[in-house]
Amino acid sequence: MTGRMSDPLQFEAFMRNYQDMVFTAALRLVGNEADAEDIAQDVFLKAYTHFDQLRHSPTVGGWLKTVTRNLSLNHLTRYRARWRFFSECDDQGDRGEHHDFAANLPAPDMSTQAVDAADRRNLLESALQKLPAAQRVPLVLYHFDNLSYEEIASRLRVSLGKVKTDIHRGREALRQRLMRNPEAATA
Amino acid sequence: MNPRDSRPDAIWETRLDRELKGLPDRAAPHTLIPRVMAALQARVCAPWYRRPWWDWPPALKIASLLGVSGLLGLATWLVMHCSEYPWTAAAAGELKTWLAPLSPVWALLTSLAGALALVFKGMGSWILLGASGLCAILYLSCVALGTAVYRVASYRRIR
């Protein structure tokens, strides 16, 4: 940045193209809209410093996703650092929360007619966001970012077993949520 | 019980993977672009000395590099050649005079350090180890208590 903004209009157009993707990727990891917006802002500020290379790059989407993932995980790490000491031996607590999670979700109206695809997607997105971070983050890294269990364990600095357990519990929680709405589960 | 509950995990994993990948992106808040543009504008309007060094004007970058190199060179030369000049001894004497009012403080600190060293020598290594262990336990207790209180207080927010 050398005293004036280079191509603000082009950069704005660039942001319009990618803002939903960046915001969604951050939101799925941090589970909070305000934090996701902050992270998206940081991502685009970083992108601006490399805009000359990025604007013509065919891999710009991947670059943005990687930066978003890294910033989101850094954000989560900042909040987790102080209590992580206990979190690894918290299996009983996690199990309890697992049951609480399904019980606390708003009950679907079983008398309604068939749930259409949009409703099903909303249901899944909402259930995903309500998962505890310990389950949501590895689940998102596995299914959306296509990371392996080993990569997730290394990135989150937790054991491989914990990653597998958390992902399994996350999937089960989502299944329970969808099973409570048969149309959503079978569609 | 719903018969689908007994489906193998692998089938559910595959289906869930497909469903999750099919989720559309959420719309970003309308405030995002204005926020980014405002932050960029604020950066651009900041004076050069408040920006990172690599964003300085090129002439200032070169001048700062030359200046820092010159200062480092001068400092190196002074360190290597100061003993060759009689004025350095005079300067050292002058410095001692300036610092003379602080000599009682220095003497007090050195005697305190000497006394502490004698006490530690007399105590023996086991007592020292025990005292260090006690300090570590007290410190960890504080960390544990603080973590527990923090976690209980903000449990919902974190998870």
Quiz item: Looking only at helices (runs of 4 or more DSSP H) that fall completely inside the range A:1-79, which ones have 2 or more residues that are facing chain B (nearest Cβ under 10 Å), crowded, with 19+ Cβ neighbours inside 10 Å and of a type in the set (Gly, Ala, Ser)?
Solution: A:8-30, A:33-49
Self-check item: Only one of B:144, B:153, B:91 that is at negative phi and more than 14 Å from every other protein chain (Cβ to nearest Cβ)
Solution: B:91
Quiz prompt | Residue satisfying condition, being under 29 Å from the mean Cα position of the chain (by Cα), farther than 30 Å from residue A:116 by Cβ and open to solvent by 100 Å² or more (accessible area, probe 1.4 Å), within set B:108, B:118, B:72 | solution = B:72
Quiz item: Mind checking which residues of the range A:133-167 are buried (at least 19 other Cβ atoms within 10 Å of the Cβ) and polar (S, T, N, Q)?
Solution: A:135
Quiz item: Restricting the search to the range A:132-153, which residues are under 15 Å from residue A:72 (Cβ atoms) and in a loop (DSSP other than H, G, I, E, B)?
Solution: A:144, A:145, A:147
Quiz item: Which of the following residues is over 28 Å from residue A:33 (Cα atoms), surrounded by 11 or more Cβ atoms within 10 Å (Cβ to Cβ) and facing chain A (nearest Cβ under 7 Å): B:55, B:9, B:17?
Solution: B:55
Quiz item: Does residue B:60 fit the bill of being at pLDDT 80 or above, closer than 30 Å to residue B:50 by Cβ and not charged (D, E, K, R)?
Solution: yes
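The values are calculated or read from the model by the stated rules, or taken from the named source; none is laboratory data. What you are looking at is a predicted structure, and each value in this text was computed from that prediction instead of being measured. Positions of Cβ are generated from backbone atoms using ideal geometry, with glycine treated the same way; all protein chains shown enter the neighbour counts. In case anyone asks, the SASA skips ligands and DNA or RNA and just uses the protein heavy atoms, side chains included. Shrake-Rupley method; radii C 1.70, N 1.55, O 1.52, S 1.80 Å.
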